[in-house]
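The values are calculated or read from the model by the stated rules, or taken from the named source; none is laboratory data. The model shown is predicted, which means the values in this text are computed figures rather than measured ones. So basically every Cβ, Gly included, is an ideal-geometry build from the backbone, and we count neighbours across all protein chains shown. These accessible areas exclude ligands, DNA and RNA; they are computed on the full protein's heavy atoms, side chains included. Shrake-Rupley method; radii C 1.70, N 1.55, O 1.52, S 1.80 Å.
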Amino acid sequence: VTPTSDQHEVPLPLPIRSGQGDYEVRFHASPRAALETSITGAIGVIADAHVLEVYRDEFGDLLASVPVLELDATEETKTIEGVASTCSWLLSLRANRTSRVVALGGGVIQDVATFAAHIYHRGMRWDFVPTTLLAMSDSCIGAKCGINHDGFKNQLGVFQSPGAIEIATGFLNTLDDVELRSGYGEVFKLCLTHGPEAFEHLEQALRDGLRNDDLVALTRLSLEAKKHVIEEDEYEGDLRRVLNYGQTFGHALEAVSHNGVPHGLAVIWGCDLINFIAFSKGLLAESDFVAIRQVATSLLAGMVPVPAFTAAELIDAARTDKKAEGTRVNLAILYAPGDLRIVQMDFDEDLAPLIARYLEQDVLLSRN
Ligand SMILES: NC(=O)c1ccc[n+]([C@@H]2O[C@H](COP(=O)([O-])OP(=O)(O)OC[C@H]3O[C@@H](n4cnc5c(N)ncnc54)[C@H](O)[C@@H]3O)[C@@H](O)[C@H]2O)c1
């Protein structure tokens, strides 16, 4: 850890091994420093229009020197049409295979930039300046992307690792609380996959509130946890499936609440539900279950109520998940922090009665 002029500590870079070429996550003392490092020598910047608006004064002179494509960070942008117009813009700049493009924004901008960089001239370099907690702590590494198609989420995708990632947690000062909490969903999940120390670190940090001094350390810790998994298993084989912890029922909750629950918070709820199932089956100790639920409760505090739904509706939504096969589903089950195992369960026999019980006494969500 190196001290910087403004007294904040900037963590050391995190190297990531990848079959497509190794790359590095670097940390910066300010958003401006991160952006300046990334855009030097780049052919252009694919940027979240809202971020540009918020940082107009801070970045104005920097961005005057480089072509900028402004995109709305919406799910409609994350489509073949959004990727096609990004490719047209790259063509207009006469980008070629040796050019480098920068993405500035959260997961939406990342997904569009990754897809476009993958298909443009059969692959060009893209670098990333993430501006949301989700993108900083999780999605920026791993090379994966998904875009929406025919109204279905993340149906088309490619793997294209970035060239470099420049992180400044200062961007989070302007991110609203709901987006920040949602980003914590990934931090929560990754800390639990990593081990008891990582989870305790998160627990401690949250005692000082969401915007605590440990955010940068937690971001790096989450990336270390994900690095551990993706370096062993870059293309979603067995090991990478542990990253699906909380996802199956998290996605199902998003569906039954008509996206009323932000993604990261839905994942936290999905983790709590899975933990309840594991605890009920004697796989997870009560003390772990209770301690994890306490952190989940603090992250979901103040969430807007969701419409009531039944266990059958939730299971129906989960069945359409990519990980489900007929009546059976592979679930990542937490046996203890740092010990996740893939267990096949039957929706009707194993899960339905437990989910019904969970919903009766759900302490995390309020219903309207
Ligand atoms: N590729 C992957 O591995 C991966 C992983 C997880 C999620 N995703 C995708 O990421 C998307 C969600 O991304 P996200 O949660 O990072 O958010 P986002 O990109 O959807 O942005 C959320 C909102 O925050 C705003 N915003 C972003 N940075 C800001 C800042 N610093 N200050 C103020 N406002 C800011 C945006 O304009 C937007 O309104 C989803 O489409 C999801 O499918 C991709």
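Provide the gained length on full extension for the span R56 to E360, in nm with one decimal, where the gain is 0.36 nm per separating residue minus the Cα-Cα distance. All intermediate terms of the calculation are to be shown ahead of the outcome.
Details: separation 304, 0.36 × 304 = 109.44 nm, distance 4.86 nm.
The R56-E360 span can extend by a further 104.6 nm.
Once label points are set 7 Å from the Cα along Cα→Cβ at both N259 and R211, what is their separation, rounded to one decimal in nm?
2.7 nm
Just to be sure I understand the curve: with the Debye formula and one point per C-alpha of the range 119-164, what is log10 I(q)/I(0) at q = 0.17 Å⁻¹?
So the normalised log intensities work out to -0.58.
Using alpha-carbon pairs under 8 Å, 6+ residues apart, how would you state the relative contact order of the range 1-102 in percent?
Reported as a whole number, the value is 24 percent.
Could you tell me what a quarter of the Cα convex hull surface of the range 281-368 works out to, in nm² with one decimal place?
Computed as one quarter of the Cα hull surface, the answer is 6.4 nm².
Taking the Cα centre as origin and putting +1 on Lys and Arg beta-carbons and -1 on Asp and Glu beta-carbons, what dipole magnitude results for the chain, to the nearest 20 debye?
760 debye
Roughly how many percent of the accessible protein surface of the range 202-264 is carbon and sulfur, given a 1.4 Å probe and a whole-percent answer?
Values: 1180 of 2640 Å².
Its accessible area is 45 percent carbon and sulfur atoms.
Please report the Cα spread of the range 51-113 along all three principal axes, rounded to whole Å, starting with the longest.
The principal-axis extents, from largest down, are 32, 28, 15 Å.
With all pairs of different alpha carbon atoms counted, what Kirkwood hydrodynamic radius in Å does the range 232-304 show?
Hydrodynamic radius (Kirkwood, Cα pairs) of the range 232-304 is 13.2 Å.
In percent, how large is the relative contact order of the chain, given Cα pairs closer than 8 Å and 6 or more residues apart?
Over the chain, the number comes to 13 percent.
Helix-only mean residue ellipticity at 222 nm, the chain, DSSP H runs n ≥ 4 weighted -39,500 (n - 2.57), per residue, nearest 500. What is it?
Computed mean residue ellipticity for the chain: -13500 deg cm²/dmol.
How much length would be gained if the chain were fully extended between E70 and T98, taking 0.36 nm per residue of separation minus their Cα-Cα distance, in nm to one decimal? All intermediate terms of the calculation are to be shown ahead of the outcome.
Values: separation 28, 0.36 × 28 = 10.08 nm, distance 2.26 nm.
Between E70 and T98, full extension yields 7.8 nm more.
With both partners inside the chain, how many of the DSSP beta bridges are antiparallel, as a percent to the nearest 5?
For the chain, the DSSP antiparallel bridge percentage is about 45.
Accessible area per residue of the chain at 1.4 Å probe, in Å²?
43 Å²
Mind checking the full-extension length gain between T310 and E349? Use 0.36 nm per residue of separation minus the Cα-Cα distance, one decimal, nm. Provide the component values of the computation, followed by the final result.
On the way: separation 39, 0.36 × 39 = 14.04 nm, distance 1.65 nm.
Result: 12.4 nm gained on full extension.
Calculate the length of the line joining the C-alpha centroid of the range 178-231 to that of the range 262-281, in whole Å.
Centre-to-centre distance over Cα atoms comes out at 17 Å.
On average, how much area does the Cα convex hull of the chain cover when viewed from any direction, in nm²?
Its average projected convex-hull area is 17.7 nm².
Can you work out ³J(HN,Hα) from phi for every residue in the range 26-43, in order, using Karplus 6.51 cos²θ - 1.76 cosθ + 1.60 and θ = phi - 60°, giving whole Hz and x for Gly and Pro?
Result, ordered by residue: 10, 10, 10, 6, 8, x, 4, 5, 5, 5, 4, 4, 6, 7, 4, x, 7, 7 Hz.
Please report the base-10 log of the normalised intensity I(q)/I(0) for the range 1-158, using a Debye sum with one equal scatterer per alpha carbon and no solvent, at each q in 0.10, 0.15 (1/Å).
One equal scatterer on each Cα of the range 1-158 leads to -0.35, -0.80.
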